[in-house]
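The values are calculated or read from the model by the stated rules, or taken from the named source; none is laboratory data. This structure is a prediction, so every number in the text was calculated from the model and none was measured. Cβ atoms come from the backbone with ideal geometry, glycine included; neighbour counts cover every protein chain shown.
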Amino acid sequence: MNIIDFENIHVSYEVKPILENINLKINSGEHWVILGANGSGKSTLIKLISNDLYPNTKYPFKKKIFEKERWSIFDLKKNLGIITNDLHNYFEKHGNFLSAYEVVLSGYYSSIGIFKHQDFTEEQHKKALEVLDFLEISHIKNKKVQHISTGQIRRCVIGRALIHEPKAFILDEPTVGLDIKAQYSFIELIRKLSYKASIILVTHHVEEIFKEISHIALMYNQTIYKQGLKKELLNSKNLSEVFDINIELENKNDRYFIKSINEKD
(Lines give C-alpha, C1' and ligand atoms only; values in the text may rest on other atoms or scores of the structure.)
Protein backbone atom coordinates (compact mmCIF):
# COMPACT_ATOMS: atom_id res chain seq x y z
CA MET A 1 0.00 0.00 0.00
CA ASN A 2 1.14 3.54 -0.74
CA ILE A 3 1.05 5.79 2.30
CA ILE A 4 1.68 8.91 0.21
CA ASP A 5 1.17 9.17 -3.55
CA PHE A 6 1.55 12.77 -4.75
CA GLU A 7 2.16 13.90 -8.32
CA ASN A 8 2.55 17.41 -9.72
CA ILE A 9 1.12 19.20 -6.68
CA HIS A 10 1.26 22.99 -6.44
CA VAL A 11 0.03 25.11 -3.53
CA SER A 12 -0.17 28.90 -3.43
CA TYR A 13 -1.19 31.58 -0.94
CA GLU A 14 -2.98 34.14 -3.11
CA VAL A 15 -0.46 34.47 -5.98
CA LYS A 16 2.63 33.40 -4.05
CA PRO A 17 3.69 29.76 -4.65
CA ILE A 18 4.55 27.90 -1.42
CA LEU A 19 4.92 24.38 -2.84
CA GLU A 20 5.79 23.64 -6.45
CA ASN A 21 5.72 20.41 -8.44
CA ILE A 22 5.61 18.08 -5.44
CA ASN A 23 6.10 14.44 -6.42
CA LEU A 24 6.39 12.01 -3.53
CA LYS A 25 5.64 8.33 -3.12
CA ILE A 26 6.07 6.61 0.25
CA ASN A 27 5.22 2.93 0.57
CA SER A 28 3.99 1.03 3.59
CA GLY A 29 6.85 -0.36 5.65
CA GLU A 30 9.31 2.34 4.58
CA HIS A 31 10.82 4.89 6.96
CA TRP A 32 11.57 8.33 5.54
CA VAL A 33 13.21 11.57 6.54
CA ILE A 34 12.12 14.83 4.94
CA LEU A 35 15.15 17.05 5.31
CA GLY A 36 15.56 20.71 4.47
CA ALA A 37 16.39 24.17 5.76
CA ASN A 38 13.89 26.40 7.54
CA GLY A 39 11.63 27.97 4.91
CA SER A 40 12.16 25.17 2.40
CA GLY A 41 8.51 24.05 2.59
CA LYS A 42 8.64 21.20 5.12
CA SER A 43 5.87 22.51 7.37
CA THR A 44 3.65 23.23 4.38
CA LEU A 45 4.21 19.70 3.13
CA ILE A 46 3.03 18.35 6.51
CA LYS A 47 -0.15 20.45 6.18
CA LEU A 48 -0.66 19.03 2.69
CA ILE A 49 -0.33 15.47 4.00
CA SER A 50 -2.65 16.16 6.96
CA ASN A 51 -5.29 17.69 4.66
CA ASP A 52 -4.99 21.10 6.30
CA LEU A 53 -4.00 22.38 2.86
CA TYR A 54 -5.08 21.38 -0.63
CA PRO A 55 -3.63 21.94 -4.10
CA ASN A 56 -5.17 25.14 -5.45
CA THR A 57 -3.72 25.73 -8.91
CA LYS A 58 -4.78 24.94 -12.46
CA TYR A 59 -2.33 22.06 -12.86
CA PRO A 60 -3.66 18.48 -13.00
CA PHE A 61 -2.40 16.48 -10.02
CA LYS A 62 -2.68 13.29 -7.98
CA LYS A 63 -3.06 13.43 -4.21
CA LYS A 64 -3.69 10.11 -2.48
CA ILE A 65 -3.10 9.10 1.13
CA PHE A 66 -3.39 5.39 1.85
CA GLU A 67 -4.66 5.10 -1.75
CA LYS A 68 -7.69 7.33 -1.09
CA GLU A 69 -8.29 10.82 -2.47
CA ARG A 70 -10.74 11.91 0.24
CA TRP A 71 -10.60 11.54 3.99
CA SER A 72 -12.41 12.95 6.97
CA ILE A 73 -9.84 14.47 9.31
CA PHE A 74 -10.93 12.19 12.17
CA ASP A 75 -10.55 9.01 10.10
CA LEU A 76 -7.22 10.15 8.67
CA LYS A 77 -5.79 10.69 12.17
CA LYS A 78 -6.67 7.11 13.07
CA ASN A 79 -4.41 5.92 10.26
CA LEU A 80 -1.76 8.65 10.33
CA GLY A 81 -0.39 9.88 13.66
CA ILE A 82 0.71 13.49 13.17
CA ILE A 83 2.98 14.75 15.95
CA THR A 84 3.77 18.46 15.73
CA ASN A 85 5.24 21.00 18.11
CA ASP A 86 2.04 23.04 17.79
CA LEU A 87 0.08 20.14 19.30
CA HIS A 88 2.70 19.67 22.01
CA ASN A 89 2.59 23.38 22.88
CA TYR A 90 -1.21 23.38 22.96
CA PHE A 91 -1.27 20.61 25.56
CA GLU A 92 1.48 22.35 27.53
CA LYS A 93 -0.50 25.61 27.69
CA HIS A 94 -4.17 24.56 27.58
CA GLY A 95 -4.11 20.94 28.73
CA ASN A 96 -1.73 21.27 31.67
CA PHE A 97 -4.53 20.24 34.08
CA LEU A 98 -4.67 16.77 32.50
CA SER A 99 -2.79 13.72 33.74
CA ALA A 100 -0.51 11.82 31.40
CA TYR A 101 -3.10 9.03 31.37
CA GLU A 102 -5.88 11.46 30.38
CA VAL A 103 -3.80 12.88 27.52
CA VAL A 104 -3.39 9.41 26.06
CA LEU A 105 -7.05 8.48 26.65
CA SER A 106 -8.23 11.72 24.98
CA GLY A 107 -6.93 10.35 21.69
CA TYR A 108 -10.10 8.28 21.31
CA TYR A 109 -12.14 11.46 20.83
CA SER A 110 -9.35 13.72 19.51
CA SER A 111 -10.28 16.11 22.30
CA ILE A 112 -8.25 18.30 24.62
CA GLY A 113 -9.45 16.77 27.85
CA ILE A 114 -11.83 14.12 29.12
CA PHE A 115 -15.53 15.01 29.41
CA LYS A 116 -18.54 13.49 31.16
CA HIS A 117 -20.39 12.71 27.92
CA GLN A 118 -17.45 10.62 26.65
CA ASP A 119 -17.78 6.91 27.32
CA PHE A 120 -14.74 4.66 27.45
CA THR A 121 -14.84 0.89 27.47
CA GLU A 122 -12.78 -1.29 29.77
CA GLU A 123 -10.79 -2.33 26.70
CA GLN A 124 -10.00 1.31 25.87
CA HIS A 125 -8.76 1.97 29.39
CA LYS A 126 -6.62 -1.15 29.17
CA LYS A 127 -5.21 0.00 25.83
CA ALA A 128 -4.27 3.40 27.28
CA LEU A 129 -2.30 1.68 30.04
CA GLU A 130 -0.54 -0.51 27.46
CA VAL A 131 0.42 2.58 25.45
CA LEU A 132 1.86 4.28 28.54
CA ASP A 133 3.88 1.14 29.22
CA PHE A 134 5.18 0.99 25.64
CA LEU A 135 6.22 4.64 25.85
CA GLU A 136 7.97 3.93 29.17
CA ILE A 137 5.94 6.54 31.10
CA SER A 138 3.65 4.35 33.23
CA HIS A 139 5.28 5.81 36.33
CA ILE A 140 3.88 9.29 35.54
CA LYS A 141 0.37 8.25 34.52
CA ASN A 142 -1.24 10.26 37.34
CA LYS A 143 1.02 13.30 37.10
CA LYS A 144 -0.37 16.49 35.58
CA VAL A 145 1.13 17.84 32.36
CA GLN A 146 2.30 20.94 34.24
CA HIS A 147 4.50 18.75 36.46
CA ILE A 148 6.21 16.57 33.84
CA SER A 149 9.15 17.20 31.51
CA THR A 150 9.09 18.34 27.90
CA GLY A 151 10.16 14.89 26.71
CA GLN A 152 7.43 13.22 28.77
CA ILE A 153 4.76 15.55 27.36
CA ARG A 154 5.92 14.65 23.86
CA ARG A 155 5.61 10.95 24.68
CA CYS A 156 2.06 11.57 25.91
CA VAL A 157 1.18 13.29 22.63
CA ILE A 158 2.58 10.31 20.71
CA GLY A 159 0.51 8.03 22.97
CA ARG A 160 -2.61 9.99 22.06
CA ALA A 161 -2.03 9.00 18.42
CA LEU A 162 -0.72 5.51 19.21
CA ILE A 163 -4.03 4.61 20.85
CA HIS A 164 -5.44 4.07 17.33
CA GLU A 165 -2.49 1.94 16.16
CA PRO A 166 -1.92 4.11 13.05
CA LYS A 167 -0.18 2.74 9.99
CA ALA A 168 2.30 5.62 9.93
CA PHE A 169 3.57 8.53 12.01
CA ILE A 170 4.74 11.98 10.93
CA LEU A 171 7.06 13.56 13.50
CA ASP A 172 7.89 17.23 12.99
CA GLU A 173 11.19 18.36 14.55
CA PRO A 174 10.70 15.82 17.37
CA THR A 175 13.66 16.78 19.58
CA VAL A 176 13.06 20.55 19.77
CA GLY A 177 13.43 21.72 23.38
CA LEU A 178 15.05 18.51 24.62
CA ASP A 179 18.48 18.31 26.24
CA ILE A 180 21.14 15.92 24.92
CA LYS A 181 20.12 12.98 27.10
CA ALA A 182 16.42 13.48 26.33
CA GLN A 183 17.18 13.80 22.61
CA TYR A 184 18.97 10.46 22.60
CA SER A 185 16.19 8.80 24.60
CA PHE A 186 13.52 10.19 22.30
CA ILE A 187 15.25 9.05 19.12
CA GLU A 188 15.54 5.57 20.66
CA LEU A 189 11.79 5.69 21.31
CA ILE A 190 11.10 6.59 17.66
CA ARG A 191 13.28 3.66 16.61
CA LYS A 192 11.13 1.44 18.82
CA LEU A 193 8.01 2.97 17.26
CA SER A 194 9.35 2.19 13.78
CA TYR A 195 8.72 -1.51 14.42
CA LYS A 196 5.01 -0.76 14.85
CA ALA A 197 4.43 1.72 11.99
CA SER A 198 6.13 3.60 9.18
CA ILE A 199 7.95 6.74 10.29
CA ILE A 200 8.11 10.02 8.36
CA LEU A 201 10.61 12.23 10.19
CA VAL A 202 10.58 15.93 9.26
CA THR A 203 13.67 17.81 10.35
CA HIS A 204 16.66 19.98 9.53
CA HIS A 205 18.95 18.08 11.91
CA VAL A 206 20.91 15.19 10.38
CA GLU A 207 21.69 13.95 13.90
CA GLU A 208 18.04 12.87 14.25
CA ILE A 209 18.28 10.46 11.30
CA PHE A 210 18.39 6.99 12.79
CA LYS A 211 19.49 3.64 11.40
CA GLU A 212 16.05 2.32 10.41
CA ILE A 213 15.31 5.23 8.08
CA SER A 214 15.76 3.92 4.56
CA HIS A 215 14.63 6.81 2.34
CA ILE A 216 15.09 10.56 2.15
CA ALA A 217 13.36 13.50 0.50
CA LEU A 218 15.49 16.64 0.30
CA MET A 219 13.46 19.86 0.24
CA TYR A 220 14.83 22.98 -1.34
CA ASN A 221 13.16 26.16 -2.55
CA GLN A 222 9.55 24.95 -1.97
CA THR A 223 9.96 21.69 -3.82
CA ILE A 224 11.48 18.23 -3.42
CA TYR A 225 14.99 18.58 -4.80
CA LYS A 226 15.82 14.85 -4.69
CA GLN A 227 14.29 11.71 -3.19
CA GLY A 228 15.27 8.08 -2.92
CA LEU A 229 17.43 5.78 -0.83
CA LYS A 230 19.17 7.39 2.13
CA LYS A 231 22.43 5.59 1.44
CA GLU A 232 22.55 7.10 -2.07
CA LEU A 233 21.41 10.67 -1.41
CA LEU A 234 22.48 11.62 2.10
CA ASN A 235 25.93 13.00 1.38
CA SER A 236 27.98 16.17 1.66
CA LYS A 237 27.27 17.35 -1.89
CA ASN A 238 23.50 17.18 -1.61
CA LEU A 239 23.41 18.72 1.87
CA SER A 240 25.66 21.56 0.74
CA GLU A 241 23.21 22.29 -2.08
CA VAL A 242 20.08 22.09 0.09
CA PHE A 243 21.44 24.23 2.94
CA ASP A 244 23.45 26.58 0.66
CA ILE A 245 26.67 26.17 2.61
CA ASN A 246 29.66 23.83 2.35
CA ILE A 247 28.98 20.84 4.59
CA GLU A 248 31.20 17.87 5.30
CA LEU A 249 29.00 15.00 6.44
CA GLU A 250 30.21 11.90 8.23
CA ASN A 251 28.56 8.62 9.17
CA LYS A 252 29.69 6.42 12.06
CA ASN A 253 27.80 3.39 13.32
CA ASP A 254 24.81 4.29 11.12
CA ARG A 255 24.47 7.74 12.70
CA TYR A 256 25.12 10.90 10.73
CA PHE A 257 26.76 14.10 11.93
CA ILE A 258 28.23 17.24 10.42
CA LYS A 259 32.02 17.30 10.70
CA SER A 260 32.53 20.82 9.37
CA ILE A 261 30.69 23.77 7.83
CA ASN A 262 32.23 26.53 5.68
CA GLU A 263 30.85 29.40 3.67
CA LYS A 264 30.69 28.82 -0.07
CA ASP A 265 33.25 30.65 -2.20
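With respect to Ser12, is the statement that it is over 14 Å from the mean Cα position of the chain (by Cα) and assigned to a loop (DSSP other than H, G, I, E, B) true?
Values: over 14 Å from the mean Cα position of the chain (by Cα): yes; assigned to a loop (DSSP other than H, G, I, E, B): no.
Judged against the criteria, Ser12 is not a match.
Looking at Leu45, Leu53, Leu76, which one is crowded, with 17+ Cβ neighbours inside 10 Å and either part of a strand (DSSP E or B) or modelled with pLDDT under 90 (or both)?
Leu53
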Among helices (runs of 4 or more DSSP H) entirely within the range 159-265, at least 1 residues that are under 20 Å from Asp86 (Cα atoms) and in contact with an Asp or Glu (Cβ under 7 Å, 6 or more places away or on another chain) occur in 180-193
Here the residues within the range 112-132 that are surrounded by 10 or more Cβ atoms within 10 Å (Cβ to Cβ) and β-branched (Val, Ile, Thr) are Ile112, Ile114, Val131
Scanning the range 156-177 for residues that are within 14 Å of the chain's Cα centre (by Cα) and among the β-branched types (Val, Ile, Thr), the one surrounded by the fewest Cβ atoms within 10 Å (Cβ to Cβ) turns out to be Val176
Out of (1) farther than 22 Å from Thr175 by Cα; (2) in a helix (DSSP H, G or I); (3) within 18 Å of the chain's Cα centre (by Cα), the one Ser110 does not meet is (2)
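Somewhere in the range 30-38, is a residue free of Cβ contacts under 8 Å to residues at least 40 places away in the same chain and either of a type in the set (A, V, I, L, M, F, W, C) or surrounded by fewer than 17 Cβ atoms within 10 Å (Cβ to Cβ) (or both)?
Of the range 30-38, the ones free of Cβ contacts under 8 Å to residues at least 40 places away in the same chain are none.
Taking every residue of the range 30-38 in turn, none turns out to be free of Cβ contacts under 8 Å to residues at least 40 places away in the same chain and either of a type in the set (A, V, I, L, M, F, W, C) or surrounded by fewer than 17 Cβ atoms within 10 Å (Cβ to Cβ) (or both).
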Flagged pairs (Cβ under 6 angstrom, 6 or more apart or on separate chains; first in the range 197-212, over 22 Å from Ala161 (Cα atoms); second outside any helix (DSSP H, G or I)) are His204/Ala37; Val206/Tyr256; Glu207/Phe257; Lys211/Asp254
